[in-house]
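Chemist: Provided herewith is a single structure, encoded as structure tokens, for subsequent inquiry.
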Amino acid sequence: MGFKPFPIGVDNFKEMIQEGYYYVDKTLLIKELLKIGKLTEEEKERFLAIRDVKGTDADYLDALRFLSTCLAKSYREKVIILIDEYDVPLENSYFGGFYEKMIPLIRSLFESALKTNDSLEFAVNTGCLRISKESIFTGLNNLKIISITNPMYSEHFALHKKK
């Protein structure tokens, strides 16, 4: 089996697949939730409503927590949540003129998924905007900011020289 490059700096899914970048697709695990048989009828209905974009506003405010709870219940393991480029929706909402409406949504999503979530093992957030105490992360504990400029972590951000 040949080496597949990591999609560092590639933000186009089509390009990632066509160019043969390393990618792990967990979509089928989520689709299997309905077949495993661990969810109640109410949980299945809510899951389908969110998936089909027919949920209520309240359904979306804690959708990450709900999905992680369903995954943990079905697979009997705590989940790891990876949120890549968390800051992009905030930046888009700022330039689109609806930033004040986006903040409560993102804050609610993050607080329910990252703070009050018994199904969570740990989470990783990536983004370019620095996390501040007055931000959407207010109320979250144990945040660790790991910058790409820190030499201790540079190998994890592909900033090291090849030998």
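Chemist: How large is ³J(HN,Hα), in whole Hz, for each residue of segment 32-49 in order, when computed from phi with the Karplus curve 6.51 cos²θ - 1.76 cosθ + 1.60 and θ = phi - 60°, using x for Gly and Pro?
Modeler: Rounded to whole hertz, the list is 6, 3, 6, 8, 5, x, 9, 8, 6, 4, 5, 5, 4, 4, 5, 4, 5, 4.
Chemist: Give the long-range amide H neighbours of residue 120: residues separated by 5 or more places, or on another chain, with amide H under 5 Å away, using H modelled in the peptide plane at 1.01 Å from N.
Modeler: Those qualifying (amide H under 5 Å, at least 5 residues apart or on another chain) are 79.
Chemist: Count neighbours as other Cβ atoms within 10 Å of each site's Cβ, and list the chymotrypsin sites (Phe, Trp or Tyr not before Pro) in segment 93-123 that are DSSP loop with at most 13 such neighbours.
Modeler: Qualifying residues, ordered by number: 98.
Chemist: Please go through the residue pairs 14/35; 35/78; 73/115; 31/54 and name each one whose alpha carbons sit more than 22 Å apart in this structure.
Modeler: Among 14/35; 35/78; 73/115; 31/54, the Cα-Cα distance tops 22 Å for 14/35.
Chemist: With viscosity set to 1.002 mPa s and temperature to 20 °C, compute the Stokes-Einstein D of segment 28-84, Rh being the Kirkwood radius across alpha carbon pairs; µm²/s, no decimals.
Modeler: Numbers: Rh = 11.7 Å.
For the chosen part, D equals 183 µm²/s.
Chemist: Can you give me the long-range amide H partners of residue 125? Hydrogens built in the peptide plane at 1.01 Å from N, cutoff under 5 Å, separation of 5 or more residues or another chain.
Modeler: 83
Chemist: Shifting gears a bit: Residue by residue through segment 119-124, what is 3J(HN,Hα) from phi via Karplus (6.51 cos²θ - 1.76 cosθ + 1.60, θ = phi - 60°)? Round to whole Hz and write x for glycine and proline.
Modeler: 8, 8, 7, 6, 9, 10
Chemist: How would you classify segment 55-112 from its alpha-carbon gyration tensor, with a ≥ b ≥ c the square roots of the eigenvalues: rounded for a/c under 1.5, else prolate if a/b is greater than b/c, otherwise oblate?
Modeler: Here segment 55-112 falls in the prolate category.
Bear in mind that the values in this text are calculations on the coordinates, not laboratory data. These numbers come from a predicted model, not from an experiment. Every residue, glycine among them, receives a Cβ derived from its backbone with ideal geometry; neighbour counts consider all protein chains shown.
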